[in-house]
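Data first, discussion second: the structure below is written as structure tokens.
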Amino acid sequence: MPMDFKTTEEIKVPKKLIDQIIGQDKAVKLAKMAIQNRRHLLLIGPPGTGKSMLAKAMAELLPKEGLEDFLAFPNPKDEFQPIIKTVPAGEGKKIVERSKIAALNALKGKNQLTAIIALIALLMPFYFYYTGEKILAAASMIMSSILLVGLSLGFNVMNKRKLLESIPKLLIDNSDKKHAPFVDATGANPSQLFGNVLHDPFQSGGLETPAHHRVVPGLIHKAHKGVLFIDEIATLPWDVQYELLVAMQEKKYPIFGRDERSGGSIVRTTPAPCDFILVAAGTEEAIKNMHPALRSRIKGNGFEVYMNEDMPDTPENREKLARFVAQEIMRDGKIPHFTRDAVEEIINIAKKLAGREGYLTLRLRELGGYVRLAGDIAKSKGKKYVTKEDVIEAERIGQSIEEQIVERIKELRRRYDIVIKEGYEIGRANGIGVIGNKGVIIPIDVNVAYGNGKIITSGILGKIAEQAIKTIEGYVKSVFGKDIKEYDIYVQFVQTYEEIEGDSASLAIALATISALTKTPLDQSFVITGSIDVKGRVLPVGGIIPKIEGAIEEGFKNIIIPKQNLKDVPKEYFNNINIYGVSTIDEALNLVGAKPDKKL
């Protein structure tokens, strides 16, 4: 598919979901192997990278042949252990219909006897009346009415009971399935996941509902011969994860009442088939909270895949993103097609979201949000096609809550001159972090006083400050001859209340601490980002592009970044701000003005 198209109307969208997946070649390859050999998958990666789409694609590729309907039959030996049977898909309905006809025919004889009794009851009052026994006629009229009502109610109750007892319940009907089932069990509770038996408020007197009609199948049974997808797998309690493991191992699992206070708790069916392919998904945190036995089962009979977050910025991959735009338009069904310029602007957003030069993001759910927003904007203007201007407007107004918070913070700081961008200050440095996809300045103030080596911090970044100061302890002693343990160090993140992850403020904290200890001023025209180690080396960090953009937006002249991150910076950024790559704290100190007397 060449990039010489005029609009996305010309782009052919693959029919199969598996062919629509972009940038996850390894995951697709392993998914196809999992389908062929019925293996399980554990997909780990950031949200929006295609985990659920891959699971749906697997179900689409599984053969429809072999699908089965589930039926619950009464057990003549034990009414509290219904029998679960499976039949070829489409046969379940037929069996139930045949059972209904047979049950109704069996009741016809009883209906005739009841009709004869009712007729006699109706004729009795008239007989006594015409024979002159008016008192008996009146009494028989009352008795006949009572008898008819009793017969009617009793007949209905008994007939219903007899019908239900003899007719199986169709639990799962796969007659209309076009492919193997895909069942999303994300967030399901144990009753939904494994099935349940409903409570019966009428448990005696002929009013009770037979046990097999109160059985409710679980999602594991509905996924039989198909795919069971569970996102955020680690949110399941460990006992539920273990129960899932048992179902996976046995490929069949009984359905029983899960509420001890319910009448359904005494009912337990025979094991019901649940031969599914499990596709479990989550972020990196999921690995820590997964039951070891469940993860071992997946690893021993399947594959673990880390989803790609980005892909190289090549002509081929740009064409794939253009196809992605066409796919999103087709999937949405309401927005106009995009011009080529509009697609190129979407690709520019993909470059920014990747956060490093030469790559395109694979957080396609987020990118798809821009596609739909741009489409809505163009549609509201009555346009036939989405243009570049619509995408630019979508990027401007389609900010996340976090990004809107950053804009609010920046506005307030500008209004009250919280951020110092020129001159020299002792014990102050400008760090920078990322919230959402926006860079936000973190003003850092450090003061020192003789004491017992305490580190007193304020703000949400306190732990990062403590770690940074402890990391530079050896460096400060070897370079400046000062023992940090002889001082109490006070660190303040000036009016910084937002949550910022990572340790990229470590270098700025270290420089501000050294400045306070040595009473040497730092150049405030610099923004500083970088992680550090105990030997004073500066280590690479993430989010370099939004950090540089944040520094430019705030009007800074210079930014210090780890030298290894220079390769992530697009060339055009060097025209808007002075970007310095450093490998050591010493190099950073020389740049910002606090020059040590002794070199490393």
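Counting pairs of alpha carbon atoms under 8 Å apart in space and at least six apart in sequence, what relative contact order in percent does region 418-592 give? Write out the running numbers ahead of the final one.
On the way: 397 pairs, mean separation 48.2, N = 175.
Reported as a whole number, the value is 28 percent.
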Original post:
Amide H neighbours of residue 253 under 5 Å, counting only residues 5+ apart in sequence or on other chains, H built in-plane at 1.01 Å?
Top reply: 272, 274
Original post:
Which pairs break 25 Å Cα to Cα here: 288/563; 56/320; 352/384?
Top reply: 288/563; 352/384
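Distances longer than 16 Å among the Cα atoms of region 310-398: what percent of all pairs is that? Could the numbers behind the result be given before it?
Working: 1793 of 3916 pairs.
Every Cα pair in region 310-398 considered, those over 16 Å come to 46 percent.
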Subject >> Sequence-distant aspartates and glutamates (8 or more away, or on other chains) whose Cα lies within less than 15 Å of residue 178 >> reply: 60, 65, 68, 69
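What does the net charge come to around residue 3 if you take all other residues with beta carbon closer than 9 Å to its beta carbon, with K and R at +1 and D and E at -1?
With Lys, Arg at +1 and Asp, Glu at -1, the net is -1.
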Subject >> Cα-based helix-to-principal-axis angle, 462-471 vs the chain, degrees rounded to 10 >> reply: 50
Original post:
Relative contact order for region 348-407 using alpha-carbon pairs under 8 Å, separation at least 6, rounded to a whole percent?
Top reply: 23
Original post:
How many Å² of accessible area per residue for region 310-398, probe 1.4 Å?
Top reply: 44
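When the helices in the chain are scored as -39500 (n - 2.57) per DSSP H run of 4 or longer and the sum is shared across all residues, what 222 nm value do you end up with, to the nearest 500 deg cm²/dmol?
-14000 deg cm²/dmol
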**OP:** Give a residue-ordered list of calculated ³J(HN,Hα) values for region 8-22 (Karplus: 6.51 cos²θ - 1.76 cosθ + 1.60, θ = phi - 60°; whole Hz; x for Gly, Pro).
**Re:** 5, 4, 7, 8, 7, 9, x, 6, 7, 4, 4, 7, 8, 6, 10
Subject >> Stokes-Einstein D for region 386-463, Kirkwood Rh over Cα pairs, 10 °C, 1.306 mPa s (µm²/s) >> reply: 102
Subject >> Long-range amide H partners of residue 582 with built H, under 5 Å >> reply: 561, 563
Subject >> With Cα atoms, 0 to 90° folded angle of helix 25-37 axis to the chain main axis >> reply: 30
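Between their Cα atoms, which of 12/381; 225/251; 51/334; 351/421; 351/547; 421/519 are more than 22 Å away from each other?
Details: 12/381 27 Å; 225/251 10 Å; 51/334 25 Å; 351/421 29 Å; 351/547 15 Å; 421/519 20 Å.
Distance filter (> 22 Å) returns 12/381; 51/334; 351/421.
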Original post:
In a shell of Cβ-Cβ distance under 11 Å around residue 429, excluding residue 429 itself, what net charge do Lys and Arg (+1) and Asp and Glu (-1) give?
Top reply: -2
Original post:
Highest mean first, what order results for 505-511, 550-556, 235-241, 60-66 on Cβ atoms within 10 Å?
Top reply: 505-511, 550-556, 235-241, 60-66
**OP:** Starting from the amide H of residue 360, placed 1.01 Å from N in the peptide plane, find each other amide H under 5 Å away whose residue is 5 or more places distant or on another chain.
**Re:** 311, 313
Subject >> Cα-based helix-to-principal-axis angle, 364-380 vs the chain, degrees rounded to 10 >> reply: 80
**OP:** Quickly rank 431-443, 569-581, 400-412 as a protection proxy: mean count of other C-beta atoms within 10 Å, highest first.
**Re:** 431-443, 400-412, 569-581
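Working from the alpha-carbon coordinates of region 418-592, get Rg over Rh, Rh being the Kirkwood radius. Please report the intermediate quantities before stating the final value.
Numbers: Rg = 14.8 Å, Rh = 15.7 Å.
Radius of gyration relative to Kirkwood radius: 0.94.
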Original post:
Tally Lys and Arg at +1 and Asp and Glu at -1 over the other residues with C-beta under 12 Å from the C-beta of residue 283: what net charge comes out?
Top reply: -3
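Leaving out ligands, DNA and RNA, what percent of the accessible area of the chain is carbon and sulfur, probe 1.4 Å? Display every interim value, and only then the final one.
Working: 15930 of 29640 Å².
Ligands and nucleic acids excluded, carbon and sulfur reach 54 percent.
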Original post:
How large is ³J(HN,Hα) for each residue in region 545-562, as worked out from phi by the Karplus curve 6.51 cos²θ - 1.76 cosθ + 1.60 (θ = phi - 60°), to whole Hz, x for Gly and Pro?
Top reply: 4, x, 5, 5, 4, x, 5, 5, 4, 7, x, 6, 8, 9, 9, 9, 10, x
Original post:
What's the Kirkwood radius of the chain in Å, using all Cα pairs?
Top reply: 30.1
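How high is the relative contact order of the chain? Use alpha-carbon pairs under 8 Å, at least six apart in sequence, and give a whole percent.
13
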**OP:** List, in order, the whole-Hz ³J(HN,Hα) value for each residue of region 510-527 obtained from phi through the Karplus relation with A = 6.51, B = -1.76, C = 1.60 and θ = phi - 60°; use x for Gly and Pro.
**Re:** 4, 5, 5, 5, 4, 4, 5, 5, 9, 6, 10, x, 10, 6, 7, 7, 9, 9
Original post:
Out of region 216-305, which GluC sites (Glu not before Pro) are coil in DSSP terms and have no more than 12 other C-beta atoms within 10 Å?
Top reply: 260
Subject >> Quarter of the Cα convex hull surface for region 1-53, i.e. its orientation-mean projected area (nm²) >> reply: 5.0
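Sorted by accessible area with a 1.4 angstrom probe, largest first, how do 328, 309 fall? Please list the in-between numbers first.
Working: 328 15, 309 80 Å².
Accessible-area ranking of 328, 309, largest first: 309, 328.
Tell me, rounded to the nearest percent, the portion of alpha carbon pairs in region 291-446 spaced more than 18 Å apart. Walk me through the intermediate numbers first.
Numbers: 8238 of 12090 pairs.
I get 68 percent for the Cα pairs in region 291-446 exceeding 18 Å.
The values are calculated or read from the model by the stated rules, or taken from the named source; none is laboratory data. Note that the coordinates shown come from a computational prediction; the quantities given were computed from them, not determined experimentally. Note that each Cβ is placed from the backbone with ideal geometry, even for glycine, and that neighbours are counted across all protein chains shown. Side chains included, ligands, DNA and RNA excluded: accessible areas come from the protein's heavy atoms. Shrake-Rupley method; radii C 1.70, N 1.55, O 1.52, S 1.80 Å.
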